[in-house]
Amino acid sequence: MTTIAPKARKQAAARSAELARYFVASLFALLVDIGILLALTQIFAVHYLAANVVSFIAGSIVAYLASVRWVFKKRRLDNKALEYLAFLLIGVLGLGVNEAALWTCMEVLVWPLLGAKLMSAAISFFFNFAARKAALFT
């Protein structure tokens with residue numbers, strides 16, 4: 001039986017801590033996202049897919065700020081504008097995943113909006129973490 005080297009253990013612990021911080025930051029971003037989504041759909045009668053774009057972008061801004069200030073300790077890019085642009089481009093892909101999942105939950109599975117949003121957020125959470133970690137943070 002092989003044992004895990006101390007360096008590998010330390011790296012695994014660091015990745016786990018990063019994932020935990022990303023989860024907490026994403027929960028906060030999700031609260032912003034859902035709050036805006038519900039306000040737009042329930043108060044202003046905006047179609048849920050259009051409202052989702054606006055709310056997702058607002059949540060993504062919160063996620064970015066938390067990611068660069070708290071979640072990830074080492075960054076791949078020194079240029080903050082380029083980093084933010086890459087973060088947003090990954091977010092656009094994540095938005096596509098989120099919109100497809102939201103539409104599927106609402107139109108095919110006939111779920112209520114909040115349940116559909118939570119499911120779509122869970123699906124896009126893993127995509128966004130993996131893509132952002134690989135592209136932007138070490």
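The values are calculated or read from the model by the stated rules, or taken from the named source; none is laboratory data. Since we're looking at a predicted model, the values are computed, not measured. For neighbour counting, all protein chains shown are included, and Cβ atoms are generated from backbone atoms with ideal geometry for every residue, glycine included. Only protein heavy atoms, including side chains, enter the accessible area calculation; ligands, DNA and RNA are left aside. Shrake-Rupley method; radii C 1.70, N 1.55, O 1.52, S 1.80 Å.
Numbers below:
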| item | result |
| --- | --- |
| For V46: the one exception among (1) in a helix (DSSP H, G or I); (2) open to solvent by less than 70 Å² (accessible area, probe 1.4 Å); (3) free of Cβ contacts under 8 Å to residues at least 24 places away in the same chain | (1) |
| Among (1) surrounded by fewer than 19 Cβ atoms within 10 Å (Cβ to Cβ); (2) at pLDDT below 95, the one test that A39 misses | (2) |
| Scope region 31-50; condition of a type outside the set (V, I, T) and farther than 24 Å from R132 by Cβ; matching residues | L38, A39, L40, Q42, F44, A45, H47, Y48, A50 |
| Matching residues in region 102-138 - criterion: being at pLDDT below 90 and β-branched (V, I, T) | T138 |
| Every residue from region 68-91 that is of a type in the set (D, E, K, R) and either in a helix (DSSP H, G or I) or open to solvent by 100 Å² or more (accessible area, probe 1.4 Å) (or both) | R69, K73, K74, R76, D78, K80, E83 |
